[in-house]
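**Q** Mind having a look at this structure? Questions to follow.
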Amino acid sequence: MKGLPGPRYQDRGEVRVETLIEIATLYYYEDVTQEELSRRFSMSRPKISRLLQRARADGLVEIRVHQPSSVGAELERFFVDRFGIDRLLVSVDHRDPDAQRNAVARLVAAHLEKTLVAGKTVAVGMGRNVAAVADALVTPPRGGVTFVCAIGGSLRAGEYMNPDHICRRLAARYGGESETLYAPALVTNTMLREELYRNDTVKQTLDRARRADIALIGIGDLSEDSNMVRMGWFSPQEIAEARLAGTIGDTMGYDFIDIQGRPANTGMQGRVIGLSREDLARIPDVIAIAAENTKAPAILGALRTGAINTLATSFTNVHTILRLDEATRPRD
């Protein structure tokens, strides 16, 4: 097949270019989900996601979205006025959750590619939405950018979603450096957390993250299927009790909030090692990424904290957030 870089894939021990094209065709033209592709080709879902990213990066797939610019611009102006953020990055909606996550991640990657220059520092959170940004970056390495973990690590999170692994992948894409936070993400009580905060190694990394120019964080919804439950941080019962007490979600895996953006009154609070809401508020560009359409209430709460500068999400979430804001906005 003329012009296709088949040998490069075969020499690296990866899939044949014909297989890569077949996967991309099934995904983009026939709406076969990444989960189905994973079963059909006997590959993990993260690998399928990486192959689809590579197909775009190598020019085998070209995506064009013909959307009137006035629509996104009007929504952005409205969000800036309503919530006091600097910018809104809004993606078209996809039925497949992985496609939705990748579409939002590409918007964040494009924003980073315009703003990141040598000497900048990026504080990095954990989770699937933040991890997807590392796969979406296609700019050739520039160097001089430092990516620092803004939250501790967790074995149960898996390598792909751990902040250390995400930092390393981002640094590899940019030719920059990464710095690990040598601490667990979750501890048993606040006393142990305060003790770790006094540790010189932990303090040094967190201080560097606090001085970051940009922060990449996720927004969590408080559901029994959340990352925190899957990782074993909190039990479904703890999640249910927190929801009954008015907790609506979290920023960056902790710092639980209610629908008004106030700190939630829950026993889950104060056990995670990482940057606080006050720390995030001092970072010039805090980019909150939330692709899932179940997260609109949590996104609204996060917007009301005043700590977010850039929101990256879907059109469905944007419209749901506006309706929720009208319904829950305090009245004088």
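Any read-out appearing in this document is the output of simple, stated calculations on the displayed coordinates, not a laboratory observation. Here the structure is a predicted model, which means the values were calculated and not measured. Cβ atoms come from the backbone with ideal geometry, glycine included; neighbour counts cover every protein chain shown.
**Q** For residue 260, project a label point 7 Å along Cα to C-beta. Then give me every residue of segment 291-332 with its amide nitrogen under 14 Å of that point.
**A** It comes to 301, 304-305, 328-332, nothing else.
**Q** Still on this structure, I have one more. Just report the Cα centroid separation between segment 257-332 and segment 94-171, whole Å.
**A** Computed from Cα coordinates, the inter-centre distance equals 19 Å.
**Q** HN-Hα J couplings of segment 201-215 from phi, Karplus 6.51/-1.76/1.60, θ = phi - 60°, integer Hz, Gly and Pro as x?
**A** Each residue of segment 201-215 in turn: 5, 5, 4, 4, 5, 5, 4, 5, 5, 5, 8, 5, 8, 9, 10 Hz.
**Q** Okay, moving on. Within the chain, what's the longest run with no GluC sites (Glu not before Pro) in a DSSP loop and at most 11 other beta-carbon atoms within 10 Å? Give the range, please.
**A** That would be 63-332.
**Q** I want to make sure I understand the PRE zone here: with the label point 7 angstrom from the Cα of residue 36 toward its beta carbon, which residues in segment 90-111 have backbone N atoms less than 17 Å away?
**A** 94-100
**Q** For the pair residue 323 and residue 74, what calculated FRET efficiency results from E = 1/(1 + (r/R0)^6), where r is the Cβ-Cβ distance and R0 = 22 Å, to the nearest 0.05?
**A** That gives a FRET efficiency of 0.85.
**Q** Taking loop as defined by DSSP and a crowding limit of 11 other beta carbons within 10 Å, which chymotrypsin sites (Phe, Trp or Tyr not before Pro) in segment 77-124 fit?
**A** none
**Q** Helix 17-29 sits at what angle to the longest principal axis of the chain, using alpha carbons and giving 0 to 90 degrees rounded to 10?
**A** Its long axis makes an angle of about 60 degrees.
**Q** Take the Cα of residue 211, step 7 Å along the line toward its Cβ, and report every residue of segment 279-295 whose backbone nitrogen sits under 19 Å from that point.
**A** 279-286
**Q** Using the Kirkwood radius over Cα pairs, work out the Stokes-Einstein diffusion coefficient for the chain at 10 °C and 1.306 mPa s, in µm²/s as a whole number.
**A** So the translational diffusion coefficient is about 77 µm²/s.
**Q** Non-local amide H neighbours of residue 91 (under 5 Å, H modeled in plane, Pro and chain starts lacking H): which ones?
**A** Those qualifying (amide H under 5 Å, at least 5 residues apart or on another chain) are 313, 314, 315.
**Q** With a cap of 15 neighbouring Cβ atoms within 10 Å, and only residues DSSP puts in a loop, list the trypsin sites (Lys or Arg not before Pro) found in segment 111-187.
**A** 142
**Q** To continue, here is another question. Express the relative contact order of the chain as a whole percentage, based on alpha carbon pairs under 8 Å and six or more residues apart in sequence.
**A** The normalised contact order for the chain reaches 17 percent.
**Q** How long are the three semi-axes of the equivalent ellipsoid of segment 285-332, in whole Å, if each is the root of 5 times an eigenvalue of the C-alpha gyration tensor, listed from largest down?
**A** Equivalent ellipsoid semi-axes, largest first: 18, 14, 7 Å.
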